[in-house]
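Below you'll find the structure, written out as structure tokens, and then a few comments.
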Amino acid sequence: MPLDILTIGEALVEVMRAGVDQPLSRPGPFTGPYPSSAPFIFAVQAARLGMKTAAIGSVGQDAFGDCLLHQLRDDGVSTVGVSQHLDQPTGVAFVAYQADGSRSFVFSLGAGGHIKADMLLPELFDGLRCFHIMGSTLSMSAEVLEVCRQALDMAVAAGALISFDPNLRPELLPPDEARIAFADFIAAADVLLPTEAELLQLSDADNVERAVADLLAARPERLIVVTRGAQGCTVYSADDRVNVPGYKVEEVDPTGAGDGFDAAFLSELLAGKSPTAAARLANACGALAVGAKGPTSGAKSRAEVERFMLSQR
Ligand code: ATP
Ligand code: MG
């Protein structure tokens with residue numbers, strides 16, 4: 001059966017400091033491994049909302065790879081597109097949280113960076129409804145960018161809805177280079193999911209409204225959803241602009257907010273909901289993600305998300 005949603009990118013597990021303000025530069029306790037990385041958190045959230053989902057990526061033949069694969073299988077995410085690399089270990093992100101809410105990272109990308117053209121299995125694209133890709137993945141290397149371009153072409157040829165979240169990571173790729181690398185994906189996107197800062201960094205415009213207007217002029221039938229952290233989001237289309245307020249939660253762990261939001265917005269659109277209704281559920285998923293510690297622990301089922309939304313009315 002064709003997939004609802006396909007994504008591609010770096011597979012990682014996350015190992016995090018047990019407490020706050022424990023720097024990565026000193027010995028100290030960790031917890032984990034937790035299945036992680038933006039594309040795989042996205043895939044898990046989409047599957048938990050009932051979408052037939054797959055992610056293309058690579059893990060090592062080791063216990064960390066098994067950890068990620070177990071999670072995907074438990075959630076019903078197809079692992080057909082996940083290859084197991086013989087020579088490299090599974091990618092790991094070590095994360096420390098500071099009391100002010102900021103995070104520091106040590107990345108060991110390992111097999112996670114191994115994304116090759118032979119991993120783009122035609123069966124994943126046949127009849128595909130939606131292809132979602134993130135700028136953070138495109139920022140990994142020129143080779144990965146090229147493979148992702150091929151994946152984009154295959155998704156467009158399949159007639160899939162194309163979704164793009166810039167997820168700018170200046171430490172991987174400076175914004176002026178990202179603009180060039182992301183251009184084909186922005187041009188092809190039916191749904192764009194930037195933050196305000198990303199929108200401005202990727203545009204010639206000096207304000208958000210102007211940047212949105214330029215993107216809509218280039219492709220009038222598209223949706224642009226600007227995420228605004230705790231404030232929620234704004235959904236722009238050629239003839240409408242709707243502010244959708246966020247939900248109140250205590251922020252415990254910001255990892256996965258954008259990914260959960262993206263997964264929920266697309267899942268709802270594919271289920272036939274209006275963009276505003278999709279944004280409401282997406283705000284709830286983003287809030288639940290920041291309210292829970294651990295990359296996928298805030299990704300909830302539809303019933304749990306709807307209960308949370310009712311409780312906040
Ligand atoms: P990420 O760091 O995961 O890439 P982002 O910066 O791309 O996140 P944000 O705008 O911070 O994206 O968050 C995405 C969505 O998650 C928001 O639109 C909102 O719905 C929800 N969200 C994020 N932070 C909070 C918060 N503190 N309280 C409630 N909801 C939040
Ligand atoms: Mg983001």
Toward the positive end of the charge dipole of region 134-266, about the Cα centre and with charges on Cβ (Lys, Arg +1; Asp, Glu -1), which of Ala197, Pro166, Ala218 goes farthest? Ala218
Using the scaling law 2.2 N^0.38 Å as the reference, what is the normalised Cα Rg of region 1-90? 1.19
About the Cα centre, charge dipole magnitude for region 11-100 (Lys/Arg +1, Asp/Glu -1 at Cβ), debye: 160 debye
Which value, in debye to the nearest 20, describes the size of the charge dipole of region 221-313 about its Cα centre when Lys and Arg Cβ atoms bear +1, Asp and Glu Cβ atoms bear -1, and nothing else is charged? 220 debye
Any number yet on Rg/Rh for region 127-217, C-alpha, Kirkwood? 0.96
Could you give me the percent of Cα pairs per 10 Å distance bin for region 1-40, shortest bin first, beginning at zero and ending with the bin that holds the maximum distance? 25, 34, 24, 11, 6
Listed peptides 296-305, 71-80 by packing density, highest first (mean Cβ within 10 Å): 296-305, 71-80
Please report the antiparallel percentage of DSSP beta bridges with both residues in the chain, rounded to the nearest 5. 45 percent
Cα-centre dipole for the chain with unit charges at Cβ (Lys and Arg positive, Asp and Glu negative), debye to 20: 880 debye
Below 21 Å, Cα to Cα, which lysines can Lys52 reach? Residues fewer than 8 away in the same chain don't count. Lys273, Lys300
Could you work out the relative contact order of the chain, using alpha carbon pairs under 8 angstrom and six or more residues apart, expressed as a whole percent? 17 percent
Whenever you get a sec, compute what percent of the accessible area on the chain sits on carbon and sulfur atoms (1.4 Å probe). 53 percent
For the pair Phe30 and Glu143, what calculated FRET efficiency results from E = 1/(1 + (r/R0)^6), where r is the Cβ-Cβ distance and R0 = 35 Å, to the nearest 0.05? 0.65
Counting only other residues whose beta carbon sits under 13 Å from that of Arg222, what net charge do I get with K and R as +1, D and E as -1? -4
For region 2-14, in order, what is each residue's ³J(HN,Hα) by Karplus, 6.51 cos²θ - 1.76 cosθ + 1.60 with θ = phi - 60°, in whole Hz (x at glycine and Pro)? x, 7, 6, 9, 10, 9, 8, x, 5, 8, 9, 9, 10
What is the distance in Å between the Cα centres of region 161-182 and region 1-53? 20 Å
Rg to Rh quotient for region 5-312, alpha carbon positions, Kirkwood Rh: 0.94
Using each residue's phi in region 144-154, evaluate 6.51 cos²θ - 1.76 cosθ + 1.60 at θ = phi - 60° and report the 3J(HN,Hα) Karplus result to the nearest Hz, with x for Gly and Pro. 5, 4, 5, 5, 5, 4, 4, 4, 4, 4, 5
What does the charge count near Asp87 come to, summing +1 for each Lys or Arg and -1 for each Asp or Glu among other residues with Cβ under 14 Å from its Cβ? 0
Most positive-pole-ward Cα, Gly101, Val252, Val13, against dipole of the chain from beta carbon charges: Val252
Computed lengthening from Gln61 to Asp206, 0.36 nm per intervening residue step minus Cα-Cα distance: 47.4 nm
Sort Leu172, Leu202 from largest to smallest accessible area, using a 1.4 Å probe on the heavy atoms of the protein chains. Leu172, Leu202
Quick check on region 136-292: take the gyration tensor over C-alpha atoms, sort the square-rooted eigenvalues as a ≥ b ≥ c, and tell me if it's rounded (a/c under 1.5), prolate or oblate. rounded
What length, rounded to one decimal in nm, is gained on full extension from Ala197 through to Arg103, with 0.36 nm per residue of separation minus their alpha-carbon distance? 32.0 nm
Please work out the average accessible area per residue across region 119-220, using the 1.4 Å probe convention, and give it in Å². 42 Å²
What shape does region 63-185 take by its C-alpha gyration tensor, where a ≥ b ≥ c are the square roots of the eigenvalues and a/c under 1.5 counts as rounded, a/b above b/c as prolate, and the rest as oblate? oblate
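The values are calculated or read from the model by the stated rules, or taken from the named source; none is laboratory data. Keep in mind that this is a model prediction, so the values were computed, not measured. Counting neighbours? That spans all protein chains shown, and the Cβs are built from the backbone with ideal geometry, glycine included. Areas reflect the complete protein model, heavy atoms only, side chains present, ligands, DNA and RNA absent. Shrake-Rupley method; radii C 1.70, N 1.55, O 1.52, S 1.80 Å.
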